[in-house]
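Okay, so here's the structure we're looking at.
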Amino acid sequence: MRSENLFLAAVAIATLSACSTMGTFSGPSGAPRVLSCPGGVCPSIDVIVNEVAGGRCELAAIPDLSVVDEATGEKSISWLLPESGFEWSKEEWKSALFVQGGDDPVGRFGTIRITMGGRKLEIRFAHVKNASERKVYKYALSARRTAEPKQFCKTLDPWIIS
């Protein structure tokens, strides 16, 4: 009986170890950019588009973001494509911004707006002041060229802590 329990314990440990590495996100790396959001509006983040081999484009890396604000409540953050010739994706199947993983985002994110001819992306989100209640999200940004055939750039996937 003891060897059966030992075997079951080994199987359980192996199963849990395998599950713990599948589909997990390790979290932000390096020091995030700290954002203060006076009046509920965080500073806009410029996202540069780079040309890469083969006529492709990619969004330049931006730092992970950490929202630190004195007030709990709704905030907004925006990302801006400063160069013309590119726009945030409006396709339902490849949204300009989507949460990929991390903490459960239910009830934390609001409406996404794309303005300035497609170059400004804004989202409203819930922020909590108490550090122990803050959440960490892996998100992705998707942009494309404005000229036909409106080729998509390589997706960028940083973190936001709110």
Under a Cβ-Cβ cut-off of 9 Å, what is the net charge of the residues other than Lys75 that fall near it, where Lys and Arg count +1 and Asp and Glu count -1? -1
Under 5 Å from the placed amide H of Leu35, counting only residues 5+ away or on other chains, we find Ser66, Val67, Val68
Sequence order, the stretch 31-42: Karplus ³J(HN,Hα) from phi using 6.51 cos²θ - 1.76 cosθ + 1.60, θ = phi - 60°, Hz rounded, Gly and Pro as x, gives 7, x, 7, 8, 10, 9, 10, x, x, x, 10, 7
Averaged across orientations, what area in nm² does the convex hull of the alpha carbons in the stretch 28-97 project? 6.7 nm²
Using only the alpha carbons, work out the radius of gyration and Dmax of the stretch 32-161 in angstrom. 14.9, 47
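No lab work stands behind these numbers, since they all come straight from the coordinates. Given the structure is predicted, the values throughout are model-derived calculations rather than measurements. Methodologically, a virtual Cβ is constructed for each residue, glycine included, from the backbone with ideal geometry; neighbour enumeration extends over all protein chains shown.
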